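Asks: Okay, here's the structure, questions in a sec.
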Amino acid sequence: MAEQTLTNIAQSGLCTGCGTCVSLCPKEAIQIKINQEKGIYEPEIIDKKCTNCKLCLKVCPGHEIDFKDLNQEIFGTDAEDILVGNYLNSYTGYSTDHEIRYNSSSGGLATQLLIFALEEGLIDGALVTRMKRDNPLEPEPFIARTKEEIIEASRSKYCPNPANIALQEILQSDGNERIAVVGLPCHIHGIRKAEKINKKLGKKIVLHLGIFCSINRNFLSQEYLLKKLNIDRNDILKIDYRGKGWMGDMTITLKNGCEKSCSYQTYWRDILNLYFIPTRCTLCSDQFCELSDISFGDIWLPEYRSDKIGTSVIISRTETGNRILNQMKAANKINLSEIKREKLIQSQANALKLKKKYLKAHISLRKALRKKFPDYNQKLLKPDLGSYLHVILFYLRGYLSSKRYLWGLLEPFSKLVKKPREILRIVANR
């Protein structure tokens, strides 16, 4: 068997592009760059600096996440709930600040929490992400240390994000600083693994905020979307993927001052559909960001469809997380109401199928093709026939959207599989 390296993890499609390896490398021998062909971030080794210490492999969440070990480390117990993970309470809620609530992705809870924690002296800064000012189609992870910077980083970014490259700034910061981190499941996985190895990092990070994630999109999706909207990327001044209420609009501000908007449903479901999904996203088992202190996401329930401002669904997993939420509620910074587990599951039903029901089928297909897959040390749901059929369609979509010369087939293919998808839905729900 070939020796496991960071390079072959990337080549096998297992790299999450999280950036953890870049920050934890003691020799600064790793850079992360966009693979233009795949539209994702991948690490690049600077051979003359590398000493082959393998620390990068130890913190990499792409090829292995020992959920059993990390749950014991963080929560002191295994995760008995296969869908939600370890948790204390689940809520619905929103910021009582109308501007924050309206201009966030859903409810503004994460933004409001960071502002509260900063103003109360609970943290000195937060690892967040904004879009680059000089290149608005690429993300820029940074440590926000003011309310204004936190607000600037609010809202979802539907593109690859190497957020954990900012861990390097945390490691180099003042020894007494307390930092919150905000990330998708893959980012939190990398951070938790890094904290086990680097105790300095573990002491500085005092709060982990996780964002629900079903699937992300690669950078090719931007190219396709702009082509559909007839926008030249060189004309773009700023891009906001969400905001202006719920579900929200994508707003693209051009250098000439004009704005072009596209509804969430139009660009996410109608244009991009289930195309442009990075391979590693199809192999992820974590929808709810199970290793965070608090998790946040949209609440996709029928009774909330008329809510045009935004409401979040929240999962508190640690006493630290629960305490901050209750402090914010007592200070009238947020509205918070308990929600039953059944409703929590219902609010993310479609995404949970991707992460929990189809995963074993994805792994089985990769085994059959002799391709590598991540090791989770975690119970997985048994797939049914519908799961395998869905996975085949995922791979067909992935292949079509990975080749620019095949993009003309995306819409016809979606129409072609529409009826079979309805049949699959019936089969999968039996």
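Since every read-out is calculated from the coordinates, none of them should be taken as a lab result. Small disclaimer: the values here were computed from a predicted structure and weren't measured. Neighbour counts run over all protein chains shown; Cβ positions are idealised from the backbone, glycine included.
Asks: Give the peptides 91-100, 287-296 in descending order of average Cβ contacts within 10 Å, highest first.
Replies: 287-296, 91-100
Asks: Once Rh for segment 352-428 is found with the Kirkwood sum over Cα pairs, what is the Stokes-Einstein diffusion coefficient at 10 °C and 1.306 mPa s, in µm²/s?
Replies: For these conditions, the coefficient is 116 µm²/s.
Asks: With the Cα gyration tensor of segment 322-388 giving a ≥ b ≥ c as the square roots of its eigenvalues, does the rule (a/c under 1.5 for rounded; else a/b larger than b/c for prolate; else oblate) give rounded, prolate or oblate?
Replies: Since a/c reaches 1.5 and a/b is larger than b/c, the shape of segment 322-388 is classed as prolate.
Asks: Using 0.36 nm times the number of residues separating residue 7 and residue 256, minus their current alpha carbon distance, what extension gain do you get?
Replies: Values: separation 249, 0.36 × 249 = 89.64 nm, distance 4.23 nm.
Between residue 7 and residue 256, full extension yields an extra 85.4 nm.
Asks: About its Cα centre, what dipole magnitude does segment 352-428 give when the only charges are +1 on Lys and Arg Cβ and -1 on Asp and Glu Cβ, stated in debye to the nearest 20?
Replies: Taking the Cα centre of segment 352-428 as origin, the dipole is about 180 debye.
Asks: A follow-up question, please. Working out 0.36 nm times the residue gap between residue 37 and residue 392, then minus their Cα-Cα distance, what length gain in nm do you get to one decimal?
Replies: Extra length available between residue 37 and residue 392 comes to 125.6 nm.
Asks: Cα gyration tensor of segment 1-131, axes a ≥ b ≥ c as square roots of the eigenvalues: rounded (a/c below 1.5), prolate (a/b > b/c) or oblate?
Replies: prolate
Asks: Based on alpha-carbon centroids, what's the gap between segment 237-283 and segment 153-184 in Å, whole number please?
Replies: Segment 237-283 and segment 153-184 have Cα centres separated by 23 Å.
Asks: So which lysines can residue 238 reach, going by Cα to Cα under 21 Å and dropping same-chain residues fewer than 8 places off?
Replies: Within the straight-line cut-off, residue 238 pairs with 132, 147, 157, 227, 228, 255, 260.
Asks: Just subtract the alpha-carbon distance of residue 66 and residue 329 from 0.36 nm times their residue separation and send over the number in nm, one decimal.
Replies: 91.2 nm
Asks: Using the charge dipole of segment 352-428 (Lys, Arg: +1 at Cβ; Asp, Glu: -1 at Cβ; taken about the Cα centre), state which of 416, 354, 390 has its Cα farthest towards the positive end.
Replies: Value computed over the given set: 354.
Asks: Cα centroids of segment 1-56 and segment 385-406: how far apart, whole angstrom?
Replies: 27
Asks: Where does the chain land at 222 nm, in deg cm²/dmol rounded to the nearest 500, when only DSSP H runs of n ≥ 4 count, each adding -39500 (n - 2.57), divided by all residues?
Replies: -10000 deg cm²/dmol
Asks: Give the Kirkwood hydrodynamic radius (Å, one decimal) of segment 195-321, defined as one over the mean of 1/r across all pairs of different Cα atoms.
Replies: Every distinct Cα pair counted, the radius reaches 17.3 Å.
Asks: Which pairs, out of 329/379; 199/367; 199/353; 340/382, put more than 29 Å between their alpha-carbon atoms?
Replies: 329/379; 199/367; 199/353
Asks: Could you sort the peptides 186-196, 170-180, 58-68 by per-residue average Cβ neighbour count (10 Å cutoff), highest mean leading?
Replies: Most protected by this proxy first, the peptides run 186-196, 58-68, 170-180.
Asks: Let me ask something additional. Compute the convex hull volume of the Cα atoms of segment 286-335, divide it by the residue count, and report the result per residue in Å³ as a whole number.
Replies: Convex hull volume per residue, Cα atoms: 80 Å³.
Asks: Send over the Kirkwood Rh of segment 31-96, from the inverse of the averaged 1/r over different Cα pairs, rounded to one decimal Å.
Replies: 16.0
Asks: Just to verify a number: FRET efficiency for residue 340 and residue 196, C-beta to C-beta distance, R0 = 41 Å, to 0.05?
Replies: Between residue 340 and residue 196 the formula returns 0.75.
Asks: Normalised by the residues of the chain, what does the relative contact order come to in percent, with Cα pairs under 8 Å and at least six apart?
Replies: About 20 percent, as a whole number.
Asks: May I pose another question? Please work out whether segment 138-247 counts as rounded, prolate or oblate from its C-alpha gyration tensor, where a ≥ b ≥ c are the square roots of the eigenvalues and a/c under 1.5 means rounded, while otherwise a/b larger than b/c means prolate and anything else oblate?
Replies: Details: a/c = 2.31, a/b = 1.95, b/c = 1.18.
The shape class here is prolate.
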